[in-house]
Structure formats: C-alpha cells, structure tokens
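Below is one structure, written out as structure tokens; the observations come after it.
The values are calculated or read from the model by the stated rules, or taken from the named source; none is laboratory data. Predicted model only: the values in this text are computed from it and were never measured. So basically every Cβ, Gly included, is an ideal-geometry build from the backbone, and we count neighbours across all protein chains shown.
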Amino acid sequence: MPTPGTLSIRTFVERAEGLAHFILRAGEAPRLIAFDDVAGCPVETALAALEWTGAVGILLDDDQVQAARLTSDTAAAVVERKSANGRIFVYLGPRLDPLQMDASEGQVLFADPVGVKAVEFQQRSHALAYFLRATSGAGSMLSLMGRRAPEIRHMRRWFGAIFQELDGPRQLVGAWFAASAAGALFAGVEPEISYRYIEVGTES
C-alpha cells in the first residue's frame, strides 16, 4: 500500500458540516455515499473485501463500483464493466427467491445453489433497482452526485492509507477516489457522534 505524500484530517461535530466539506473536497471526483443516515459501511469489512476480490479476480481493476453493501454476514454490489458490446452493469450478491425478485430486465449469469447470484443488466437504473430491492438499501453505498463511479484500481490504491489514519471504530459515510488523491468521511460510533474526514494524495 503506498504511503501518501499528503495527508489532511478534519473532525466535525455536525453531520451537515462534514458532508459539505466532503462534497467540496471531492469536486468532480467519482464518489460513493451512504444511502441512509443511520448506518454506513463497516470499514474493516470494506478493506477486506477489496483485498479478497482482487486476489480471486471477482472485481477487475477497471470495474467501476456503482453500489455496494458489506456486512459481516453478506455482501452485494453493482459494478459497471467493459464488454465486447459496450458497458454492462453486473449485480453480484445473495441469491433470493425468484418469486420475490424479478430480474426480467437482466440476464442471469449464474445462481449458485449455496446462495450467490450474478445478474447482468444493460441499464444502470435496472441494476440499481434490483440491488436496492435485494438489500433494502440499509447500510448501502451508492455512486451519487458524480459523472462516473469510482474505479476499483483507485479504491485499492488509497483505501488502506486512509484506513491507517482512523482513530477508532467508525462507519464509512462517503468516499471519493481519483488517480492522484482520495478522501473519506467517517461517522463515530461513540455516544457523542463526531465525523472525521481523511484525505490522502500524492505530492503535487
């Protein structure tokens, strides 16, 4: 994991102030933001997922993460991927009862009997709708307010360096990732919640 050439850390008491600073610093960079106000993504789970999906080849470096939900028990994601026919959107996650979930807009790539399912969609809206129905949105991160979604290569490059600067157990509220820098906003889990923004990057 590269050592960041620049490091900036700020702490906020108010969520609105933390989010405003996060969005201002992100600019036009691709970002992920928590879908709800109650829970973000467990940081340790996100770091482990980035490592093992790279090791087994599930997520490719140029995949873009449109949505993700990670818990200690399960995981689901929508990735935008290049194909011979252009861009496609692939849902990866738990296999659900087909009567409960209709994937008529997508093509099922595989549905493992032990509970894993992959569905390919041509349109982002259909893939995200399927993802939100499968996860109920709770604890999910979505690519919002940006022209592109974050690339796996940049997430793997910067997330470990950001993680090293945490001051204790926190939930990921939002993160942006670019080639030369990245930043993330975390919510504390202590009784008096505070928000910590960490930004790392190369020397300019």
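Structure summary
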| quantity | calculated |
| --- | --- |
| Pair list, Cβ < 6 Å and 6+ apart or interchain, from the range 152-172 residues that are part of a helix (DSSP H, G or I) to residues that are among the acidic types (Asp, Glu) and buried (at least 16 other Cβ atoms within 10 Å of the Cβ) | Ile152/Asp63 |
| Count of residues meeting criterion [more than 21 Å from Gly5 (Cβ to Cβ) and of a type in the set (Lys, Arg)] in the range 161-196 | 1 |
| Top-ranked residue in the range 1-42 [being in contact with a helix residue (DSSP H, G or I) (Cβ under 6 Å, 6 or more places away or on another chain) and either surrounded by fewer than 20 Cβ atoms within 10 Å (Cβ to Cβ) or at pLDDT 65 or above (or both); ranked as nearest to Glu151 (Cα to Cα)] | Met1 |
| Hits in the range 148-178 - residues which are out of contact with any helix residue (DSSP H, G or I) (no Cβ under 6 Å at 6 or more places or on another chain) and small (Gly, Ala, Ser) | Ala149, Gly160, Ala161, Gly168, Ala175, Ala178 |
| Top-ranked residue in the range 174-204 [being aliphatic (A, V, I, L, M) and part of a strand (DSSP E or B); ranked as farthest from Asp63 (Cα to Cα)] | Ala187 |
| Qualifying residue in the range 183-196 (condition: closer than 19 Å to Val79 by Cβ and either surrounded by 21 or more Cβ atoms within 10 Å (Cβ to Cβ) or more than 13 Å from the chain's Cα centre (by Cα) (or both)) | no |
| Pick from the range 143-158, criterion under 12 Å from Gly174 (Cα atoms) and at pLDDT below 90, ranking: surrounded by the fewest Cβ atoms within 10 Å (Cβ to Cβ) | Met145 |
| Residues of the range 123-157 satisfying the condition of being touching a Gly at 6+ places or on another chain (Cβ under 8 Å) and at negative phi | His126, Ala127, Tyr130, Phe131, Ala134, Thr135, Met141, Ile152, Arg156 |
| Residue selected from the range 159-204 under the condition aromatic (Phe, Trp, Tyr) and modelled with pLDDT of 90 or more, by the criterion nearest to Ser8 (Cα to Cα) | Tyr197 |
| Identity of the residue in the range 163-182, touching a strand residue (DSSP E or B) at 6+ places or on another chain (Cβ under 8 Å) and closer than 14 Å to Ala29 by Cβ, that ends up surrounded by the most Cβ atoms within 10 Å (Cβ to Cβ) | Ala175 |
| Qualifying residue in the range 84-107 (condition: small (Gly, Ala, Ser), over 24 Å from Ala34 (Cα atoms) and at pLDDT 70 or above) | yes |
